[in-house]
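Input: a single structure, listed below in structure tokens.
The values are calculated or read from the model by the stated rules, or taken from the named source; none is laboratory data. The model shown is predicted, which means the values in this text are computed figures rather than measured ones. A quick note on method: Cβ atoms are made from the backbone with ideal geometry, for glycine too, and the neighbour counts reach across all protein chains shown.
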Amino acid sequence: MTGTRPFAVVTDSTADLPDEWRTRYGIEVVPLKVIFGNETFRDRVDITDEQFFRRLSTATKLPTTSAPSPGEFADVYRRLARDHDGCISIHLGAQLSATVQAAQIGAQAVDGFRVQVIDSETVTMPIAFLCKVAAESESLEAARAAVEERVPKCRVLALLDTLRYLEMGGRLSRAQAMIGTMLDVKPLLLVADREIKPVERVRTRSRAITRMVEFLRGELPVEHVAVMHAQAPEEAETIAAGLRRELPGQEIVIGEIGCVLGTHTGPRALGAVYIKK
Amino acid sequence: MASRRPVGVDGPLFKQALLGSLNWLAANHEEVNRLNVFPVPDGDTGTNMLLTLQSAVEDIKESNAAEVSKIAKLASHGSLMGARGNSGVILSQIFRGFARAVEGKSSLTPRELAAAFEEAANAAYRAVNKPTEGTILTVAREAGRAATTAAGDVEASVPGVIAAAAAGARAAVLKTPSQLQILRDAGVVDAGGFGLQLIIEGMLKTVEESESFHIDTAATKPRAAQVAMDLPEGGWGYCTEFLIEGNGLDVDLIRGEIEALGNSVLVVGEPELVKVHVHTDDPTSVITLAGGFGKLLKLNVGDMSTQHKRILDSESAAGRPPRANGVGLVAVVAGSGLVDIFRGLGVDAIVEGGQTMNPSTQDMLNAVDGVPYDEVVLLPNNGNVILAASQVRGLTKKKVHVIETHSVPQGVAAVVAFRPERNGDDNAAAMKAEAARVQTIEVTHAVRDTRSNGLKVKKGDVIGLINDKLEFAGTDYAEVVNKALGKLGPDSFELVTVYRGQGASDDELANLESAIRSNFPGLEVEIQQGGQQHYPFILSVE
């Protein structure tokens, strides 16, 4: 299909793009990196999700993550320039990562190839949905318009089993999460409007799952819905079942949280992601 | 003898009668405390009633009002502010009903006195959602009926009516075990009812002797009265209080002038004695102004920032960004660990209190008025505190939601459900719903031998209560908790949070934890330092 479409679609590994879509739409995925001590792994290239979470649970020191370099983006764009007029490059929210910036600098290094870099302002599968929307567009212009219209409507509702990882990564303070230092309280976090904000606190995972479904009910109508999980497929299935009851006829994709996002969410994270209509 | 007997109840006589009540209750309140239905360390009914009555008579002591209506009104106001525990709150409603019944009257005939007793009981019934017979309510009603019967006599006298009321109360108290199974099991009469009996008997003693008792000032030392506060934006200011004694004092005029100098103004009283309460940055001007009206008594100027240290979070609400919904959180909590937990969850002000130390309506009112929000959610976190907490609603200009949390776990569940961007009504509904989902297990030692809920309990036994109901007794904590968790049905729950109290040792905690983990492998167990007194363990099951 890439051959018939005059523009390419590029994203990064934090889009948690399903392999099937990657093949079907010919979407380019630039990996971010996970660094354990002095070992660097390209997300989902040098390390699988399963290997990563196994290592995360036993690591004495938490891994760090880093954006692709501008040079890596330039290499990808240069390669795509051979048989495309341009590309749309949709990435992890700039409030969370330097990826967008690296893509922009990389794009400037490739003369004569039009790169439309999009800051998705979000994480994980809403980015994959944006890629899908772009890939199904007629032209780069149409893709840009369709994606930009949806960026402010992307939502990620997440339950983290612990805030340890997010906190250590400096992405959220406990005060922001509205939780005390004492009790094990699980916040439901909403990534929206370039912010991570707590929308609910619960003490048990089953309560969180119920709340997630209830929260989504208040967000209808929605298009593109997925349930994300970090090594918790059964609970993801429970959420999906709840969402299917709320949204008959809506396809609910189940996706896995990859290494880079997993570094900040920790294992057993769950999420409902969607784009509001 | 008969000629010396008072023919009507006027202000001075009613004042003496109430002081007599206070004296008699003070002398006997420990006996009331011992009438504890549950073998658990509990909010002491006698102490709660005594503190409520002290608050009722506090301002009366300074009053020389001739009219019974004025004394009754002061008693009504004072008891409402000082109400503690359920019996205290009902007592305050009895005073309120009495005050309403005698409104505008300078003296009461025996018949009017009896009618006022009856109306006092009616008011108490109306104040309770589900009136239970065999309690202070029944005693109040029977006292009123007996008084009315005596007042119908052609030779009815004031002492005769009060004597009949006292006899009616006594008979009703003796019958309470036949009305309430829990009293029968425990082999006691109702404590609140007995407290009321003592109050009426105290009146009778005074009226019969027609002279005042010597009031033991140490035992009846008045608590500093504080009244509703709306805090100035700029700072705490000074809480300034005093009484003005004079002749023909114009209450409305004084109120108008004081209002210009501060806020949270309360000016009440009578031409001879006016009580003033105001929050001001300039107490000197207030005092100078008031001094022009009459003689100032009981002047008390308190720096409110100091006063509030007692009740306010040390990190203080001021250190936090203002909450989007403008709703504050106040919780009644005791135990250092629990206080930290509630603070950590975002509670703005903590009122120290709980099981054996029931805070007064006034304590909770101060906290509610002290938080920088116009709408407040109040969590009593104890069954004995709920009624006193619900009185706060009528005493402040703020909108107050009282979530009827009966236990610490319910309180935690409610606070966890609070969302700073959601409005107060929706938060209150969500908090109530979440509190109801949590099951509470409390573990303590029986404070005496008893039978309750079909269980024979010996003093010192480990006892387990599920949602305030005594369910199990045994010899060690783990055994009782195992039974309680088994009864709740662990399959329907996911998480057990153990709040460790002061009385639990490290070994006891370790034993309990391993017992829960091995007997209920499906449950997650979280251990928290609660630091609460009297209950070695409180468990939240959800």
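Here are a few things to note about the model shown:
- Residue within segment B:404-417 that is surrounded by fewer than 24 Cβ atoms within 10 Å (Cβ to Cβ) and modelled with pLDDT of 90 or more present: yes
- Strands (runs of 3 or more DSSP E) within segment B:423-503 that include 2 or more residues within 14 Å of chain A (Cβ to nearest Cβ), touching a Leu at 6+ places or on another chain (Cβ under 8 Å) and of a type in the set (A, V, I, L, M, F, W, C): B:495-500
- Test: B:G78 is in contact with a Ser or Thr (Cβ under 9 Å, 6 or more places away or on another chain), closer than 24 Å to B:E142 by Cα, touching a residue at least 60 places away in the same chain (Cβ under 8 Å) and assigned to a helix (DSSP H, G or I): no
- Exactly one residue among A:A109, A:A134 is of a type outside the set (V, I, T) and touching a strand residue (DSSP E or B) at 6+ places or on another chain (Cβ under 9 Å), and that residue is A:A134.
- Exclusive hit being among the acidic types (D, E) and within 15 Å of the chain's Cα centre (by Cα), set B:E442, B:E404, B:E434: B:E404
- Restricted to segment B:501-542, and to residues there that are surrounded by fewer than 19 Cβ atoms within 10 Å (Cβ to Cβ) and hydroxyl-bearing (S, T, Y), the residue that is farthest from B:S407 (Cα to Cα) is B:S518.
- When restricted to residues that are under 31 Å from the mean Cα position of the chain (by Cα), surrounded by fewer than 21 Cβ atoms within 10 Å (Cβ to Cβ) and more than 14 Å from B:Y238 (Cβ to Cβ), segment B:275-299 contains 3.
- When B:E526 is tested against (1) more than 14 Å from chain A (Cβ to nearest Cβ); (2) assigned to a strand (DSSP E or B); (3) among the charged types (D, E, K, R), only condition (1) is not met.
- In the set (1) buried (at least 16 other Cβ atoms within 10 Å of the Cβ); (2) more than 12 Å from A:A158 (Cα to Cα); (3) within 14 Å of chain B (Cβ to nearest Cβ), A:V260 fails one condition alone, (3).
- Residue match in segment A:211-224 (condition: away from chain B (no Cβ under 14 Å) and within 27 Å of A:T58 (Cβ to Cβ)): no
- Residue check for A:M178: touching a Gly at 6+ places or on another chain (Cβ under 7 Å), within 14 Å of chain B (Cβ to nearest Cβ), at pLDDT below 95 and at positive phi: yes
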